[in-house]
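Worksheet for the structure shown next.
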Amino acid sequence: MGIEEYGGGQGPHPDVLVVTTNDVPGFEVRQVIGEVFGLTVRSRHLGSQIGAGLKSMIGGELKGLTKTLVETRNQAMDRLVEQARARGANAVLMFRFDVTEAADVGTEVCAYGTAVVIGPQP
C-alpha cells in the first residue's frame, strides 16, 4: 500500500484553503461566513471486524481499519470544502476533526471549521 492510501489533505493549489490555524500569513480575513462542517458515518463490515479482532490479539497495525478511517476523514473534509464553497468562502480557518462512535454500529467523523473570505494583505 502506498502513502496516498494512508494520508489526506489538499493538493497544492486548492480553491478553498483549509488550515488549522487562526489566520493565514500574508492574508487578511475580509468576511466571516460562519461554521461549516462535513459529516459522515461509516460502519465496519463483518470481515474487517473479525480480522481486527484477530489482529488485536497478536498486536500490530489494523491496516484495513486505518485505510477505512483515512477514507472516512477525507470524505468528511471533502464535504466541509463543498459546504464552504457553496457559501462563498475561499478558506476555512481553525479546521478540526471530531471522531466518535455512533450507537455501536459505526464511526462518526465530523470535519469542522470557520468559513471565511480571505484576501492578500495590503
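Would you check if there is a residue in the stretch 55-64 being modelled with pLDDT under 95, part of a helix (DSSP H, G or I) and of a type in the set (D, E, K, R)?
yes
Which count do you get for residues in the stretch 73-97 that are open to solvent by 90 Å² or more (accessible area, probe 1.4 Å) and either assigned to a strand (DSSP E or B) or on the phi > 0 side of the Ramachandran plot (or both)?
Qualifying residue count for the region: 1.
Restricting attention to the stretch 9-29, and to residues there that are assigned to a strand (DSSP E or B) and over 19 Å from Gln83 (Cβ atoms), which single residue is most open to solvent (accessible area, probe 1.4 Å)?
Step by step, filter the stretch 9-29, then rank; the result is Phe27.
Please go through the stretch 98-122 and pick out each residue that is within 12 Å of Gly38 (Cβ to Cβ) and crowded, with 16+ Cβ neighbours inside 10 Å.
Initially, the stretch 98-122 is screened for residues within 12 Å of Gly38 (Cβ to Cβ), giving 98, 108-113, 115.
Within the stretch 98-122, Glu108, Val109, Cys110, Ala111, Tyr112, Gly113, Ala115 qualify.
The values are calculated or read from the model by the stated rules, or taken from the named source; none is laboratory data. Computed from a predicted structure; not experimentally measured. Counting neighbours? That spans all protein chains shown, and the Cβs are built from the backbone with ideal geometry, glycine included. Side chains included, ligands, DNA and RNA excluded: accessible areas come from the protein's heavy atoms. Shrake-Rupley method; radii C 1.70, N 1.55, O 1.52, S 1.80 Å.
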